Amino acid sequence: STTADATLAERLIADIVAARFAPGTPLREQEIATAYGVSRPTTREALRLAAQAGFVDINPFRGARIVEMSFEEFLDISVVLEGLY
């Protein structure tokens, strides 16, 4: 079974891929926790996982935001994700 943070990371990545978040959009832990019905620690770990996958950029003291990428970069990441799932 998948952990709550991995499940949330997958949902966030799916929402990013579906363009529900614009590139560069800040991702605030509390807002995400509330919107997805999870705890802040779960949200923090999910953001870290989404960052490892290349969809989120995390800066200490500045928070997380959606990575801005070219269409070619997006296609490259999509191919990698297809291999994972």
Pairs only if they're at least six apart or on different chains, beta carbon under 7 angstrom, first in segment 10-36 and in contact (Cβ under 8 Å) with a residue 40 or more places away in the chain, second open to solvent by less than 40 Å² (accessible area, probe 1.4 Å) and in a helix (DSSP H, G or I); list them, first residue then second. Leu12/Ala46; Leu12/Ala50; Ile13/Ala50; Phe21/Asp15
Restricting segment 54-85 to residues that are among the β-branched types (Val, Ile, Thr) and closer than 25 Å to Arg28 by Cβ, which is modelled with the lowest pLDDT? Ile77
Does Glu29 satisfy the condition of being at pLDDT 95 or above and either surrounded by 15 or more Cβ atoms within 10 Å (Cβ to Cβ) or touching a Leu at 6+ places or on another chain (Cβ under 6 Å) (or both)? no
Candidate set from segment 32-56 (those that are among the β-branched types (Val, Ile, Thr), assigned to a helix (DSSP H, G or I) and closer than 14 Å to Ala6 by Cβ); member that is least open to solvent (accessible area, probe 1.4 Å): Thr43
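The values are calculated or read from the model by the stated rules, or taken from the named source; none is laboratory data. Small disclaimer: the values here were computed from a predicted structure and weren't measured. FYI the Cβ positions are ideal-geometry reconstructions off the backbone, even for glycines, and counts take in every protein chain you see. Areas reflect the complete protein model, heavy atoms only, side chains present, ligands, DNA and RNA absent. Shrake-Rupley method; radii C 1.70, N 1.55, O 1.52, S 1.80 Å.
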